[in-house]
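One structure is given below, encoded as structure tokens.
The values are calculated or read from the model by the stated rules, or taken from the named source; none is laboratory data. Here the structure is a predicted model, which means the values were calculated and not measured. Cβ placement follows ideal geometry from the backbone for every residue including glycine, while neighbour counts extend to all protein chains displayed. Surface areas here come from the heavy atoms of the whole protein model, side chains and all, with no ligands, DNA or RNA. Shrake-Rupley method; radii C 1.70, N 1.55, O 1.52, S 1.80 Å.
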Amino acid sequence: MFLFSEPSTQWISRFLDAQRDAPFSYDEVGASHGEAKAPAGYAVDHNSVRLGEGRETFDRAVAALYAWKMFDLGWARVVPEGAPVEVGTTVAVLAKHYGFHSLNPCRISYTIEQDEGDLVRRGFAYGTLPDHGERGEERFTIEWHHEDDSVFYDLYAFSRPNQLLAKLGYPLARHLQHRFARDSLQAMVRATNT
């Protein structure tokens with residue numbers, strides 16, 4: 001949803017209430033899980049950054065992820081603040097860009113708690129709802145590789161335009177997606193290492 005001014009807290013609350021029972025806007029719910037190939041017809045973005053090493057770094061990174069720190073960008077944030085990271089939670093990304101605001105609703109589609117062999121992963125994915133400018137899914141994970149003790153923030157998404165303005169402004173939308181990925185990686189480095 002595109003807006004000319006930042007909506008009030010009450011307006012956002014009503015908007016989110018109206019989204020809670022909305023279906024996902026794409027059929028491939030859960031397709032970002034694991035190393036599965038992205039569905040055909042979607043743009044794919046996969047980015048990661050090394051956050052450091054060891055259990056303490058991993059624990060700080062997971063806490064930052066579950067506190068939505070990857071959205072501490074200045075130009076975008078998740079509402080409501082402090083939303084629980086659990087399947088079914090509905091949130092929206094409120095962003096200011098190109099002289100207007102957008103409010104894009106999503107729902108957490110699955111969570112990740114993996115402890116297998118040399119890899120420990122924590123995270124979740126959310127999927128878009130019908131009033132989102134795009135359709136698709138985005139996965140946020142923290143990975144601890146015991147092999148070399150490294151900790152990474154991994155961001156994976158597949159998407160395509162869902163609304164007319166997103167279709168008309170596709171190059172601008174892709175620019176914002178790349179900007180989000182870059183800024184989100186930096187936000188997680190700051191949140192984990194300060």
Out of (1) crowded, with 18+ Cβ neighbours inside 10 Å; (2) in a strand (DSSP E or B), what's the single condition that is false for Phe180? (2)
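The rows are residues; the columns are (1) at pLDDT 95 or above; (2) not acidic (Asp, Glu).
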position	(1), (2)
Val120	yes, yes
Thr141	yes, yes
Asp148	yes, no
Ala166	no, yes
Thr192	yes, yes
Find the residue count for the stretch 113-167, including only residues that are part of a strand (DSSP E or B), surrounded by fewer than 17 Cβ atoms within 10 Å (Cβ to Cβ) and of a type in the set (A, V, I, L, M). 1
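Hey, does the stretch 86-95 have a residue that's among the charged types (D, E, K, R), closer than 30 Å to Glu147 by Cα and open to solvent by 10 Å² or more (accessible area, probe 1.4 Å)?
Within the stretch 86-95, one or more residues are among the charged types (D, E, K, R), closer than 30 Å to Glu147 by Cα and open to solvent by 10 Å² or more (accessible area, probe 1.4 Å).
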Quick test for you: out of Glu56, Glu86, Glu81, Glu28, pick the one residue that is over 15 Å from the mean Cα position of the chain (by Cα), acidic (Asp, Glu) and within 18 Å of Ile108 (Cβ to Cβ). Glu28
Quick one: would you say Arg174 is open to solvent by 20 Å² or more (accessible area, probe 1.4 Å) and not in a strand (DSSP E or B)? yes
